[in-house]
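Undergrad: Dropping the structure in here first, questions after.
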């Protein structure tokens, strides 16, 4: 293991090491949000709820890509970080190659499957006679053509980040995002190519291809100094690699599939109230992604440090890392929550000027703002579970969030309070999950401090 990686994971003070890993990750996450919001923003500038609804309705399928991202990105990176802690560099390379080629095959399969069942899929997503054409045009670029580049650039970013190269991972991600923001107005707006929602999809496809190209070039240039391998000869169907990657990746993947289910149900409930409500939900989801990605970026950023420290049995350093993130992120999320609550309608109006959509969106965002602080705690807990190989714990959290808490709350609150009731389901879910998260983290650290190690931590 080279000196730079050794210093980062073993010698550098925890606050410094954590900042070095999480700041680039948070920045790239924010840029990803901005690029995602760019689709919504420029389509919203058309003041056409049908075009805006197309972006919203397609979101569950794009979120489904994250299931593959998490299966092979989170799974492989967790395995790689733990292997680095064990100084097993051959396992690092094999884990990376396994994750890459499995992600490639899955992305191709998803494209073919969506192509074969395209029209039924559109209706399943909540598209109606007024929105089906725009939704189909958007999805042809982002799903049918764009699955592979969208998935691979995220998976490779996870793998590059796993060995401490957070800056390189962020540059790759941001390169595509910035290009998307440049292309969006050119492709979408009437003064450009006037493609509407389809233009947003085309810009996303091109930007993801560029991000993939960056990572391919990076891995080629650094081939003698990196343990991240996408060489076919390192691809092995070995039991240890498969179980190590899938043990973390499958629960993480299921978590995202459950998120897709929840979003699809939410969109279908919103569709009962018309295109304005659907468009408002979509805009609020984009705004909510800013604090969500900050929370996620912080947990993802420090996953390599947590996983490495755990495998090296440096539990004190692992605990210091987790508590540092708590001290940093909770105040940030509290401030974000207050701001979004009191400036909700103004934030929505930045994306669209239609009064009905702004009114809907303001109510939705006020509800979502209440969940932000608890969301940070929940993401941190799941990040810790994934980093140390406790995939079953993250799966339990995924089931609790959607099946036990959010979806039942969505159904009940919709019946009791109508359209605004559905927005409070996320708050209920994140609050209950945060209570569970605090309990589980305390339990894990108590077991580790007692000398129980891995076996007792998993009980």
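Undergrad: Starting with the highest mean, order 205-213, 396-404, 373-381 by the number of other Cβ atoms within 10 Å, averaged over the residues of each peptide.
TA: By packing density, highest mean first, the sequence is 373-381, 205-213, 396-404.
Undergrad: Just order 410-418, 242-250, 38-46 by mean Cβ neighbour count inside 10 Å, highest at the front, would you?
TA: 38-46, 242-250, 410-418
Undergrad: Calculate the length of the line joining the C-alpha centroid of the range 204-252 to that of the range 131-166, in whole Å.
TA: 15 Å
Undergrad: Starting with the highest mean, order 175-185, 77-87 by the number of other Cβ atoms within 10 Å, averaged over the residues of each peptide. Present the calculation step by step, with values, prior to reporting the outcome.
TA: Values: 175-185: 20.9, 77-87: 25.2.
Ranking, from highest mean packing down: 77-87, 175-185.
Undergrad: Please report the relative contact order for the range 1-130, taking Cα pairs under 8 Å with a sequence separation of at least 6, and give it as a percent rounded to a whole number.
TA: Taking the mean separation of contacting Cα pairs over the length of the range 1-130, I get 21 percent.
Undergrad: Mind checking the angle between helix 407-417 and the chain's longest principal axis? C-alpha axes, 0 to 90 degrees, to the nearest 10.
TA: 30 degrees
Undergrad: Which three semi-axes in whole Å describe the equivalent ellipsoid of the range 355-433, each the square root of 5 times a Cα gyration tensor eigenvalue, listed largest first?
TA: With the √(5λ) rule applied to the range 355-433, the semi-axes are 28, 14, 8 Å.
Undergrad: Taking the Cα atoms only, what angle lies between the long axis of helix 315-342 and the longest principal axis of the chain, rounded to 10 degrees?
TA: Its long axis makes an angle of about 10 degrees.
Undergrad: Right, another one. What FRET efficiency comes out for residue 450 versus residue 101 if R0 is 41 angstrom and r is the Cβ-Cβ distance? Round to the nearest 0.05. Could you put the intermediate results ahead of the total?
TA: On the way: r = 41 Å, r/R0 = 1.00.
In this case the efficiency is close to 0.50.
Undergrad: Follow-up question, since we're still on this one. Over the range 13-457, what is the mean sequence separation of C-alpha contacts under 8 Å (at least six apart), divided by residue count, expressed as relative contact order in percent?
TA: For the range 13-457, the relative contact order is 23 percent.
Undergrad: Taking only DSSP H segments of four or more residues, each worth -39500 (n - 2.57), what value at 222 nm results for the chain once the sum is divided by all its residues, to the nearest 500 deg cm²/dmol?
TA: -26500 deg cm²/dmol
Undergrad: Can I get the semi-axes of the range 52-95's equivalent ellipsoid? Compute them from the C-alpha gyration tensor as square roots of 5 times the eigenvalues, in angstrom, largest first. Write down the numbers at each step before the final one.
TA: On the way: eigenvalues 241, 10, 6 Å².
The equivalent ellipsoid of the range 52-95 has semi-axes of 35, 7, 5 Å.
Undergrad: How far is helix 89-116 tilted off the main Cα axis of the chain, in degrees rounded to 10, range 0 to 90?
TA: Between the helix axis and the principal axis of the chain, the angle is about 20 degrees.
Undergrad: Averaging over all projection directions, find the projected area of the Cα convex hull of the range 13-457 and quote it in nm² with one decimal place. Before the final figure, lay out the partial values.
TA: Working: hull surface 78.1 nm².
So the mean shadow area of the Cα hull is 19.5 nm².
Undergrad: Next question, about the same structure. Report the extension gain between residue 239 and residue 221 in nm, rounded to one decimal, defined as 0.36 nm multiplied by the number of residues separating them, less their alpha carbon distance.
TA: Length gained between residue 239 and residue 221: 3.4 nm.
Undergrad: For residue 439 and residue 130, compute 0.36 nm times the residue count separating them, minus their Cα-Cα distance, and round to one decimal in nm.
TA: Computed gain between residue 439 and residue 130 is 106.5 nm.
Undergrad: When the chain is fully extended, how far beyond the present Cα-Cα distance does residue 335 get from residue 115, taking 0.36 nm per residue of separation?
TA: 74.8 nm
All of the numbers you see were taken from the coordinates with simple rules; none came from a lab. These figures come from a predicted structure and were not determined experimentally. A quick note on method: Cβ atoms are made from the backbone with ideal geometry, for glycine too, and the neighbour counts reach across all protein chains shown.
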